[in-house]
Structure formats: structure tokens, C-alpha cells
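The values are calculated or read from the model by the stated rules, or taken from the named source; none is laboratory data. Since this is a predicted model, take the numbers as computed values, not measurements. Every residue, glycine as well, gets a Cβ built from its backbone with ideal geometry; the counts of neighbours run over all protein chains shown.
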Amino acid sequence: MQKISAVAGVVILEMIRRKDVYVLFFLTALITLVLGSVDLFGDAKIARYLKEVCLTLMWMSSVIIAVFTAARQIPVERESRTLFPLLAKPITRSEVMLGKFLGCWLACCISLAAFYLLFALISGIREQHWPLANYFQAFWLHCLFSGIVVALTLLGSVWFTAVSSNATIVLSCVVGMLLLGRHLHKVAVKAGGIAGHFLDGLYFSLPHLEWFDVRDLIIHNWPRMDWTIVGQDTLYACAYAGCFLALACWRFRRQPIH
Amino acid sequence: MGFSTPIAITMTNCASIEPILSTENLRVEYAALSGSAGNSREPKVALKGLSLSVYRGEVFGFLGPNGAGKTTTMNVLLGFTSATSGKASLFGTDVRQPISRQRIGYLPELTYYYKFLTAEELLRFYAKIFNIPKAQREERIRQVLHRVDLEHAARRPIRTYSKGMQQRIGIAQALINDPDLLILDEPTSGLDPVGRMEVRHLIQRLKQEGKTVFFSSHELGEVETVCDRVGILAQGELKALGPVQELLAPGERSLEQAFLRIIGYQAQEETLCKKSPLSLAS
């Protein structure tokens, strides 16, 4: 575990010292601050709409941070050849991969914690209402979503050598799964035949990322979810992230490094 | 005159000692790229049955022209590439097992380190990978930084280092675990005369400390000075193996002359000389 956490530590340090992440981070924080604090005409609908815009922005930023942080890990290590002295040490490639995952995921969680904290503060001060359990559930499910995205991106990074192509493919897949995943079954029923079976196969095999999107809990101040559902979602995310990581480790172990 | 069979010279005093590094009939083939020379789909053979043993406390020079298979051998020893057939082991453990690398230090040809880290952070990171206990870690980092004379720059990012300093941080990371075997890939490549001398002195000091050093180099004068034995590789085959003095043929005064003879360079030169009038005429 010490080796995995050491690799993760370097990933987090790199993210802290890279300036480009700060741009996205501060931009999102600034927009959240502005949109979250304005109160147009005292209209609750407008306030809810602005909250939705802020949360959507946070989701977009988190996907970009997760994909672009994870996509560069292995390819950049190969390109800059820092992988050579690392793998010449008593560390397995699976440990390197798990360390990369842990580092990227923790980096995403830290960004999300900052976003949610800022949003909760602004929203709470304005509405004088502090649904902490709702915020925690939304934050935790968002972290789980990031875990699946990071694992998927790391899997892509051992198949596609170029960072840009991997990032583009993973971004398209994640957005597709988020927006269209829930409708696949309906389309499959309508299509029928082989196409229907194929779409049904996709529906049941792809991760349902939309299950982790509980922005409505915060936007509409709905009552918090049952904790068992959160637990089930956690297991679901662990299973998918675990599968993606296992495939990534398997592929990475078989690749010659030269 | 080239050699069709390897010159088999063994260290008589090492015959009964277990080798620290050994390869046995090591063969490495790479898949041919489509569209390569002659459109041949035959795999490229980088190593053709390499058998080699390096014993405790010796400095072993691994020589050969570019493309001879030196880097491939190191890549197999360090687990970067898998051998097609044959065996390779470090301290009696198969190189495919990461634990075989617990007692080695590796210095790559060029400086491949995380440039956003400071020297201290880089060494701390590698010390954790070696599972060096926390109590000893900081002391060990201080020692190696002192050894390579980088204490003054310990908290500066590596990207601000000069080339010589980067090479020294490379040496520091190779020594962080107090290794018994050092694998150095062209350690003096691109260094100025002072840097080369420092590396030479380091190798000599390591030898005095009883460490084993396995290194590849194109600097034959340097190899001659520091090596107990050398292995000369050409076209994936070990052409000669033994102490420098025993590799010299009568009339040869330097390792360079022996090296050129062993890799068959003279023969190629003669062929070229014979061919050139014809090629000019045509």
C-alpha cells in the first residue's frame, strides 16, 4: 500500500504544481460564486435555475479534470521516460496503475470538495437552509462517478497512445452514457430484432452514470435519499471501476516498455 | 578478423560463486513492422541466446556497437521487456518478479525524472517504493545528497538543475536503497570531462565498497580503467567475454583495437576498400 500511496502522492503533487488545472478550477469557482450569490427579483424559480447552472458547470469541470488528469498519466510517463527509473524499482505495473488511479481520484475528490463547499456556503447563506446530508450524498455520488471516469480513462490510456485521442474518446463516451444511457432500453424495445438485442446488451453492460447525478436533491431541496441506495451505488461504482482497472492492469502488464 | 565463436574466458576465482546477475540462452525477438525493409514479416532478433554471469564485487563493462542488443539486455534485466526464450535472473530471482529489483540501483542513459519535484521529494518517493522505513528514510536521503554534492539544491525543482546536476540526482536515486548491484546505462553519455571523471571515481568507490557494477558504455578508455571484465556484444551475440588484458591479441595495445577486431570492423573496412574502386567505376 505504501508504494501505491507514494505514486498517488506524486500524481497529486503534479496536479497542484500544474498551472492549467488552476485556470479551470478558479473559473468554475468564480462562476459558482457569482451565480450562486445573485438573487434576481427574489424569484425562487430563477434561484433554482441558477443553482442548476452552477451544478451543471461543476459537473462539466469535474469530468474535464478527471479525464484530462487521468489521460496523461501513463502516456506522458512513457513519453518523458520517467516510467523507466520507476519500473526499475521493486514495484509492479499494477501498483503503478492503482497508484495513478488513487492519485487522480483523490485529486478529483479534492476539487469536488472545494466546489461543493463553496456552493453550499453561498447557497446556504442566501437561503438560510443547510441540508448537509443532501450535499454530502450529492458530493459522494459525484466522487463515485469521478472514480468510474478516472478508471475508464486510465483503461483508455493503455490502449490509445495519444493523450488527445484517448481524452476525446472517453469524453464522448462519458457524455453519451450520461445523456443517452437511460434511454437505451426504450430505444432497444422499439428497435427490436438484432439491433434491439445489441442496444439492450449495451444498456445492461455499460455503467449507468446518470444514477450518480443527484443534482435535483440540492436544486429542489428534496429530502435526502435512503442511505441503502447510496451504499448500493457505492458498490456499483466499485464494481465498474474495479473492472476497468483490472483490464487496464492486465493490458499494462503485457505491454513492453522500450 | 572477426570472431565466429565467443572467446570463453571465465573468472577462475568465481567459478563456485553464485552469480548476482545471470542470463541463460536469452533470446529476444521483436515483431517486424509492416513495410519494413524488404517487406519481410520475419521478426527482428535483438538477442540470440545470450548467456552471461556477473559475480559479486566485480565491475562489468557491457560493450557493443549501436544496435548490438545492450539496451535490450538491460530492458530484459529490468523487466521492461519480456524475453522470447531463455532465463534472466538477479540475485537468483527471475527478473519478471519485482522483488528481484529490491537490491539494485539503475541509472538510465538520460535524466528521466519528475521535473516538478525537488531532489528531496524525488528521493523520498523512490525511498517509499523501496519500502525504506520512515525512521531511516530522511537520513538516507541526506547521505546520498551529500554523496553527490547536491545538498545545497535539495529543495529546488529538478527542472532548474544543470545537466551535470541532473546526472547527479540520477546517481543519487540509483543509490537510495544502498544497492548491491548497480546497472548503469551509458552513465557518462553527454557529460563533460569533469562529469565523466566523477562518474569514474564513483564506480571505483562503489567497487571498493564491495558493490557490483554492470554498465554499458561507448567510452572504451574508461571501461579499460575501471572494469574487471568486459563482455562484447555484436548483432545480438556475445562475441567476447573476459578481463581486458585477456581479450587483447598479440600486438594490440588498447581495448579499442580489440573491440574493433572483435566486432569485425576491420573486415568491413577491408571489404569497403575492395569494393570502392568497383563502385566508383560503375
Test: residue in the range A:53-69 that is within 18 Å of A:Gln128 (Cα to Cα), modelled with pLDDT under 85 and not basic (Lys, Arg): no
Unmet requirement for A:Val53, which otherwise passes all of (1) within 14 Å of another protein chain (Cβ to nearest Cβ); (2) in contact with a Leu (Cβ under 9 Å, 6 or more places away or on another chain); (3) not basic (Lys, Arg): (1)
Selection count where residues are away from chain A (no Cβ under 14 Å), assigned to a strand (DSSP E or B) and touching a residue at least 60 places away in the same chain (Cβ under 8 Å), scope the range B:44-81: 12
Meets criteria (touching a Lys or Arg at 6+ places or on another chain (Cβ under 6 Å) and either modelled with pLDDT of 90 or more or within 14 Å of chain B (Cβ to nearest Cβ) (or both)) for A:Glu79: no
Residues (basic (Lys, Arg) and away from chain A (no Cβ under 13 Å)) located in the range B:138-181: B:Arg140, B:Arg142, B:Arg147, B:Arg155, B:Arg156, B:Lys163, B:Arg168
Residue match in the range B:113-130 (condition: within 14 Å of chain A (Cβ to nearest Cβ), under 23 Å from B:Ser217 (Cα atoms) and not hydrophobic (A, V, I, L, M, F, W, C)): yes
Residues of the range A:224-258 classified as in a loop (DSSP other than H, G, I, E, B), out of contact with any Ser or Thr (no Cβ under 9 Å at 6 or more places or on another chain) and touching a residue at least 40 places away in the same chain (Cβ under 8 Å), total: 3
Selection within the range B:101-110 - more than 8 Å from chain A (Cβ to nearest Cβ), surrounded by fewer than 21 Cβ atoms within 10 Å (Cβ to Cβ) and of a type outside the set (Lys, Arg): B:Glu109
Selection count where residues are closer than 19 Å to B:Tyr55 by Cβ and among the β-branched types (Val, Ile, Thr), scope the range B:79-121: 3
Residues located in the range A:91-103, provided they are touching a Ser or Thr at 6+ places or on another chain (Cβ under 8 Å) and at the interface with chain B (Cβ under 7 Å from one of its Cβ atoms): none
